[in-house]
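Below is one structure, written out as structure tokens; the observations come after it.
The values are calculated or read from the model by the stated rules, or taken from the named source; none is laboratory data. Everything numeric here is computed off the predicted structure, so don't read it as measured data. Using ideal geometry, Cβ is built from the backbone for each residue, glycine included, and neighbour counts are taken over all protein chains shown.
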Amino acid sequence: MKIAFIGLGNMGGPMAANLAAKDFAVTGYDIVSGNLDRAATQGITAAKSAEDAVKDAEIVITMVPAGQHVLDLYRSILTPARGGTLFIDCSTIDVASARQAHAMAEAAGMQSLDAPVSGGTAGAAAATLTFMVGGKPDAFARANPVLSAMGKRIVHCGDRGAGQAAKICNNMILGVSMIAVSEAFVLAEKLGLDAKALYEVASAASGQCWSLTSYCPVPGVGPVSPADNDYKPGFTAALMLKDLALAQQAAAETGAATPLGAHAERLYRSFNESGGATQDFSAIIRHLAAARRNEA
Ligand code: NAD
């Protein structure tokens, strides 16, 4: 099967390499020539342009930073692609742009899916990503073997935009819960309560959640996490802020009340602006520990 892969960065690079390793015929393109050169050493045919990459493809995958990049790309690659090609956008983008991308693809006689991922660069390299997919069932069935070559959980979340909706709702839970867990450890320390004692109680009580028991923000507590490696990411605070901002954009567009999501976005923005952007998102605990009451 011929696949065009556009956007060969931190995520797209290893995802495309996994497809090539599993005997898909992959043609790739990235505006950064270094990324294209690296891909060429991993069994991917380098195209001269995005338009060139898609012209013989049966499936086109995009993995770029934001909604505007996807829409700009779709404006230029839908015409040179063959009718009936399946377009899969794996980028994390706003729901409105995702729906617009679907409408553009369908108007051009193509099939389309939004299929954002979780699992980070490690999951991209190990082909263990989770794909959250929105679009029609026939397009989902056609995409399944390709997505399965890059991930281990492929979930059809519903119609157009449902994949992006699932991604930002999940990550809003994650951002809010990481702050809640961090606040509890900051308060515990002020109260003279040992972090390990709090973990022992809360991990088996009603405070239990993934941010506590799989990704504890305190070093030396719970299973190994980025906190044990000086908060080297993992999942950066910059990407958490991006996803929380997408959730707030969607909340504003739909009128949903998300007061804790809004506050989490403000806290992550202030953490990013004070130098936290490249740290793991769990390092928000250091930001909270350094803040005075009523300041955060
Ligand atoms: P990245 O910046 O490393 O890669 C994006 C790539 O797209 C870059 O190489 C860039 O040159 C290329 N690009 C941009 N516009 C292009 C165009 N018009 N034509 C061709 N190439 C173009 O970012 P990333 O970390 O790979 O993330 C990609 C997407 O995946 C983002 O939407 C991000 O939010 C999402 N995501 C990232 C992670 C992560 O841990 N890095 C996890 C989950 C989801």
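Any residue in region 5-16 that is modelled with pLDDT of 95 or more sitting within a Cβ distance under 6 Å of a residue that is near the ligand (Cβ under 6 Å from one of its atoms) and part of a strand (DSSP E or B)? List the pairs, counting only those 6 or more apart or interchain.
Within 6 Å, the pairs are I6/Y29.
Identify, by number, the condition in (1) surrounded by fewer than 21 Cβ atoms within 10 Å (Cβ to Cβ); (2) within 9 Å of the ligand (Cβ to nearest atom); (3) under 24 Å from the mean Cα position of the chain (by Cα) that S49 doesn't meet.
Status for S49: all satisfied but (3).
Does region 18-27 contain any residue that is near the ligand (Cβ under 10 Å from one of its atoms) and surrounded by 15 or more Cβ atoms within 10 Å (Cβ to Cβ)?
To start, the set of residues in region 18-27 that are near the ligand (Cβ under 10 Å from one of its atoms) comprises none.
Among the residues of region 18-27, not one is near the ligand (Cβ under 10 Å from one of its atoms) and surrounded by 15 or more Cβ atoms within 10 Å (Cβ to Cβ), which makes the answer no.
What about K232, is it among the charged types (D, E, K, R), at pLDDT 95 or above, assigned by TED's automatic domain parsing to the domain that holds R286 and assigned to a helix (DSSP H, G or I)? Break it down into steps so the answer makes sense when it comes.
Numbers: among the charged types (D, E, K, R): yes; at pLDDT 95 or above: yes; assigned by TED's automatic domain parsing to the domain that holds R286: yes; assigned to a helix (DSSP H, G or I): no.
In short, no.
Can you tell me which residue among V201, V186, V221, V181 is surrounded by 15 or more Cβ atoms within 10 Å (Cβ to Cβ) and farther than 26 Å from G261 by Cα? Step through it out loud before you land on a result.
Numbers: V201 fails: surrounded by 15 or more Cβ atoms within 10 Å (Cβ to Cβ); V186 fails: farther than 26 Å from G261 by Cα; V181 fails: farther than 26 Å from G261 by Cα.
None of the others qualify; the one that does is V221.
Looking for something touching a Pro at 6+ places or on another chain (Cβ under 8 Å), outside any helix (DSSP H, G or I) and not assigned by TED's automatic domain parsing to the domain that holds R99 - is there at least one such residue anywhere in region 182-199?
Step one: list which residues in region 182-199 are touching a Pro at 6+ places or on another chain (Cβ under 8 Å), which gives 182, 185.
Then drop every residue that is not outside any helix (DSSP H, G or I), which leaves none.
Among the residues of region 182-199, not one is touching a Pro at 6+ places or on another chain (Cβ under 8 Å), outside any helix (DSSP H, G or I) and not assigned by TED's automatic domain parsing to the domain that holds R99, which makes the answer no.
L260: in a helix (DSSP H, G or I) and within 13 Å of the ligand (Cβ to nearest atom), yes or no? Show your work before the answer.
Numbers: in a helix (DSSP H, G or I): yes; within 13 Å of the ligand (Cβ to nearest atom): no.
No.
So, in region 228-238, of the ones that are touching a Ser or Thr at 6+ places or on another chain (Cβ under 8 Å) and of a type outside the set (S, T, N, Q), which residue ends up surrounded by the fewest Cβ atoms within 10 Å (Cβ to Cβ)?
So in region 228-238, the residues touching a Ser or Thr at 6+ places or on another chain (Cβ under 8 Å) come out as 231, 233-234, 236-238.
Still in the list and also of a type outside the set (S, T, N, Q): 231, 233-234, 237-238.
Details: Y231: 23, P233: 19, G234: 20, A237: 26, A238: 16.
The qualifying residue surrounded by the fewest Cβ atoms within 10 Å (Cβ to Cβ) is A238.
Kindly evaluate A195 against the criterion of being over 25 Å from T121 (Cα atoms), surrounded by fewer than 21 Cβ atoms within 10 Å (Cβ to Cβ) and touching a residue at least 12 places away in the same chain (Cβ under 8 Å). Write out each step before concluding.
Working: over 25 Å from T121 (Cα atoms): yes; surrounded by fewer than 21 Cβ atoms within 10 Å (Cβ to Cβ): yes; touching a residue at least 12 places away in the same chain (Cβ under 8 Å): yes.
It is true that A195 is over 25 Å from T121 (Cα atoms), surrounded by fewer than 21 Cβ atoms within 10 Å (Cβ to Cβ) and touching a residue at least 12 places away in the same chain (Cβ under 8 Å).
For region 198-219, indicate whether the set of residues that are at pLDDT below 95, under 18 Å from the mean Cα position of the chain (by Cα) and within 17 Å of V176 (Cα to Cα) is non-empty.
Looking through region 198-219, none of the residues is at pLDDT below 95, under 18 Å from the mean Cα position of the chain (by Cα) and within 17 Å of V176 (Cα to Cα).
Among the residues of region 222-256, write down those that are free of Cβ contacts under 8 Å to residues at least 40 places away in the same chain and either at positive phi or in contact with a strand residue (DSSP E or B) (Cβ under 9 Å, 6 or more places away or on another chain) (or both).
Of region 222-256, the ones free of Cβ contacts under 8 Å to residues at least 40 places away in the same chain are 222-224, 228-230, 241, 245, 248, 251-252, 254-256.
Of everything in region 222-256, those that are free of Cβ contacts under 8 Å to residues at least 40 places away in the same chain and either at positive phi or in contact with a strand residue (DSSP E or B) (Cβ under 9 Å, 6 or more places away or on another chain) (or both) turn out to be G222, N229, D230, G255.
Please tell me if A141 is within 30 Å of L288 (Cβ to Cβ) and without any contact (Cβ under 8 Å) to a residue 24 or more places away in the chain. Working first, answer last.
Working: within 30 Å of L288 (Cβ to Cβ): no; without any contact (Cβ under 8 Å) to a residue 24 or more places away in the chain: yes.
No; evaluated as a whole, the condition is false for this residue.
Inside region 64-123, can you point out the residues that are acidic (D, E) and more than 16 Å from the ligand (Cβ to nearest atom)? Steps first, answer last, please.
Pass one, region 64-123, residues acidic (D, E): 72, 89, 94, 106, 114.
Within region 64-123, just E106 meets the criteria.
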